[in-house]
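Notes follow once the structure below has been shown.
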Amino acid sequence: MKIINSIIHMQALAIAPERNGRCITFVPTMGYLHEGHASLLREGRKRGDVLVLSIFVNPIQFGKNEDLDRYPRDLERDCQIADECGVDIVFIPTAAEMYPHGFQTGVSVREISLPLCGGSRPGHFDGVSTVVAKLFNIVRPDVALFGCKDFQQLAVIRRMTSDLNMPVEIVGMPIVREPDGLAMSSRNAYLTPAERTSALCLFGAITRVRELFAAGEYSIDVLTREARAIIEQEPAAVIDYLEFRDSSLLQEVEVADSSTLLALAVKIGSTRLIDNTVLGENL
Ligand code: AMP
């Protein structure tokens with residue numbers, strides 16, 4: 001497994017003739033890897049000849065008062081997991097090289113970036129689409145894998161690659177959860193033991209809504225009320241958003257159906273967690 005820090009070096013390996021017709025699969029991450037990332041890497045390993053993992057805590061997707069400075073990092077452990085998952089190249093660029101003095105270009109995907117996390121984190125998805133566009137230009141992947149855990153992010157990336165005719169296939173992968181249902185996230189490392197227990201309310205709300213939907217409850221008002229009640233029972237939890245939207249364009253819906261997305265962001269103490277489910281799909 002090669003570890004590459006330089007953009008030029010990474011790009012040189014990705015372009016012909018070094019590439020030699022081989023299929024490059026790519027998993028972009030911010031590191032502090034867990035089983036969710038590993039599931040993307042294992043699928044990426046199956047789908048191509050050269051598997052590239054990037055680790056980059058992208059400063060431009062963090063707001064001023066967010067957790068950029070305390071975002072968890074452990075490169076040594078990440079490289080060990082990467083190796084176990086069959087990664088060929090770990091690309092770890094520096095912020096100074098990604099955003100040199102004078103950098104001023106951004107990619108902005110419009111409507112689909114606005115609701116949900118885009119509402120609570122203004123500019124977040126501009127940061128995401130810009131860095132992913134840059135990474136695609138550096139790594140030149142044929143296939144890139146993203147988790148449905150960040151459902152809106154996946155929708156934004158799909159829109160961007162389609163709108164800008166980027167020659168890359170985007171693969172969405174299911175949410176990997178802890179045995180008790182908490183969606184895996186690097187940010188779970190912030191939770192105290194008590195908060196870790198409180199954090200189960202996100203999955204509790206999802207489970208309740210799925211049960212009600214399966215039993216024939218399609219009223220968004222009723223489903224919203226039930227989901228909110230479960231989270232509000234938890235003193236440490238503060239809802240950022242809890243919304244039902246259609247899973248393709250992320251527009252508001254009036255009645256739930258099997259393609260309806262429940263998306264939620266909840267603060268547990270100082271940690272903001274997100275989770276989601278599409279009502280008619282398996283968990
Ligand atoms: P991050 O390092 O948090 O930016 O995530 C990198 C990639 O891993 C993104 O495509 C995420 O959606 C995906 N990912 C993060 N957590 C999970 C999870 N629990 N299950 C599946 N994919 C995940």
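All of the numbers you see were taken from the coordinates with simple rules; none came from a lab. Quick caveat: nothing in here was measured; it's all calculated off a predicted structure. No Cβ is skipped: glycine too gets one built from the backbone with ideal geometry, and neighbour counts run over all protein chains shown.
When we measure straight from the Cα of Lys134, which aspartates and glutamates land under 14 angstrom away, once same-chain ones fewer than 8 places off are left out?
Answer for Lys134, where 14 Å is the Cα cut-off: Glu97, Asp126, listed by chain and number.
When DSSP assigns beta bridges and you keep just the ones with both residues in the chain, what percent turn out antiparallel, to the nearest 5?
For the chain, the DSSP antiparallel bridge percentage is about 50.
Out of the trypsin sites (Lys or Arg not before Pro) in region 42-89, which ones are loop residues according to DSSP with at most 12 other C-beta atoms within 10 Å?
When the trypsin sites (Lys or Arg not before Pro) of region 42-89 are filtered for loop state and at most 12 Cβ neighbours within 10 Å, Lys64, Arg70 remain.
Mind giving me the nanometre distance, one decimal, between the label points for Asp240 and Ser120, set 7 Å out from Cα along Cα→Cβ?
Placing both labels 7 Å along Cα→Cβ, they lie 0.4 nm apart.
Check Thr260: other-chain or 5+ apart residues with amide H under 5 Å from its amide H, H built from backbone geometry?
Those qualifying (amide H under 5 Å, at least 5 residues apart or on another chain) are Leu279, Gly280.
Could you list the trypsin sites (Lys or Arg not before Pro) in region 209-252 that lie in coil according to DSSP, counting only those with at most 16 other Cβ atoms within 10 Å of their Cβ?
none
Rg and Dmax of region 186-278, using alpha carbons, in Å: what are they?
Both quantities, over Cα of region 186-278: 13.2, 38 Å.
Which angle from 0 to 90°, rounded to the nearest 10, does the C-alpha axis of helix 151-163 make with the longest principal axis of the chain?
That helix lies at roughly 50 degrees to the long axis.
Would you please name the GluC sites (Glu not before Pro) within region 154-246 that are DSSP coil residues with at most 14 other C-beta atoms within 10 Å of their C-beta?
Glu217
Might you report the magnitude of the Cβ-based charge dipole of the chain about its Cα centre, with Lys and Arg at +1 and Asp and Glu at -1, to the nearest 20 debye?
Value, rounded to 20: 620 debye.
Averaging over all projection directions, find the projected area of the Cα convex hull of region 2-173 and quote it in nm² with one decimal place.
Averaged projected hull area, Cα only: 9.6 nm².
Report, by chain and number, residues whose modeled amide H sits under 5 Å from the one on Gly269, excluding near sequence neighbours (fewer than 5 apart, same chain).
Val238
Apply the Karplus curve 6.51 cos²θ - 1.76 cosθ + 1.60, θ = phi - 60°, to the phi angles in region 11-27 and return the couplings in whole Hz, x for Gly and Pro.
5, 4, 6, 7, 9, 4, x, 4, 5, 6, x, 7, 7, 9, 10, 9, 10
So which residue, out of Gly44, Gly216, Gly127, gets the largest mean-square fluctuation from a GNM of the chain using Cα contacts under 10 Å as springs?
Gly216
Under 25 Å between alpha carbons, and skipping anything fewer than 8 positions from Lys267 in its own chain: which lysines qualify?
Candidates past the 8-residue exclusion: Lys64, Lys149.
If you build a Gaussian network model of the chain, linking Cα atoms that sit under 10 Å apart, which residue out of Pro100, Pro141, Pro115 swings the most?
Pro100
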